[in-house]
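In what follows, a structure is listed as structure tokens, so that the remarks can point back to it.
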Amino acid sequence: MRRCRRLDVRGSALAWTAADRDDPNVLLVDGDPYGAGLDVLTGLEDRPGVRWPGLAVEGGRVSARALRDAVPDWAPGLGLLSTDRAAPGEPPPVAVTAVLDAARRSGTVVVCDVSRSVGPAAETMIATADLAVVVTQARVGGALAAARTAEWVSARNPNVGLVVRGPAPGGLRGADVAAVVGIPLLAAMRAQPGLAEALEHGGLRVRRRSPLTAAADAVLAVVGLDRASPRWAA
């Protein structure tokens with residue numbers, strides 16, 4: 001299962017929420033070579049472990065167990081394959097395909113944070129996703145930009161939905177934004193209190209009762225990973 005498009009904090013919250021349930025095998029994949037790096041967002045920048053440039057792909061394949069053991073852990077059962085600021089650049093499509101294939105074979109839940117600068121790696125992540133998620137602000141400009149993005153994503157993957165994040169200074173509702181963007185609304189979330197401060201001091205941590213978790217729950221439910229499903233039963 002892959003979750004694609006530019007999610008940054010939202011994608012990280014999605015991975016955290018999935019791992020916080022009963023699934024012991026979740027991988028967060030950083031697909032934005034021009035961002036700060038998800039290891040910074042999650043507070044793992046000093047943690048040893050493999051980043052994209054150090055990933056060894058032999059014959060177009062990678063061992064799922066070796067991959068999971070090599071990447072740093074963000075939380076129990078949640079690994080992170082991040083970009084490397086010391087060696088910037090988009091991961092080659094063959095490496096992306098190898099990682100996603102390994103995840104599929106091992107039953108790993110994978111959340112992809114896809115680059116804003118679309119390239120072959122982003123195309124691969126989006127095309128192979130079970131669900132591609134477009135995230136936008138509750139603003140007119142954000143909705144219009146998201147409509148163009150959604151058109152591009154939908155041409156590569158019909159399984160696409162929208163998450164609208166607040167605040168909404170002009171009073172736009174999630175349904176209003178979805179009508180402009182033209183794809184199904186998965187969740188509309190209010191602003192996360194204290195998010196900026198948390199990111200500056202130790203990295204993102206997701207509380208179980210928070211706007212980020214509520215939005216993540218809604219997205220996971222679309223692909224049958226809701227808390228009421230048998231997979232998540234206590």
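The values are calculated or read from the model by the stated rules, or taken from the named source; none is laboratory data. Keep in mind that what you see is a predicted model, and the values were worked out from it rather than measured. Quick reminder, even Gly has a Cβ in these numbers, built from the backbone with ideal geometry, and neighbours come from all protein chains shown. What goes into the accessible areas is simple: the full protein's heavy atoms, side chains included, and nothing from ligands, DNA or RNA. Shrake-Rupley method; radii C 1.70, N 1.55, O 1.52, S 1.80 Å.
Assorted remarks:
- Arg104 among the charged types (D, E, K, R), modelled with pLDDT under 90 and within 19 Å of Asn157 (Cα to Cα): yes
- Residue list for the range 56-71, filter: assigned to a loop (DSSP other than H, G, I, E, B), closer than 14 Å to Ser106 by Cβ and in contact with a helix residue (DSSP H, G or I) (Cβ under 8 Å, 6 or more places away or on another chain): Val62, Ser63
- The number of residues in the range 193-229 being over 17 Å from the mean Cα position of the chain (by Cα) and crowded, with 20+ Cβ neighbours inside 10 Å comes to 0.
- Condition check for Ala103 on (1) out of contact with any Gly (no Cβ under 8 Å at 6 or more places or on another chain); (2) open to solvent by less than 20 Å² (accessible area, probe 1.4 Å); (3) without any contact (Cβ under 8 Å) to a residue 60 or more places away in the chain: one failure, at (3).
- Some residue of the range 118-141 being open to solvent by 50 Å² or more (accessible area, probe 1.4 Å), touching an Asp or Glu at 6+ places or on another chain (Cβ under 7 Å) and either outside any helix (DSSP H, G or I) or at pLDDT 95 or above (or both): no
- Number of the exception - Pro167 against (1) in contact with a helix residue (DSSP H, G or I) (Cβ under 9 Å, 6 or more places away or on another chain); (2) open to solvent by 70 Å² or more (accessible area, probe 1.4 Å); (3) assigned to a loop (DSSP other than H, G, I, E, B): (1)
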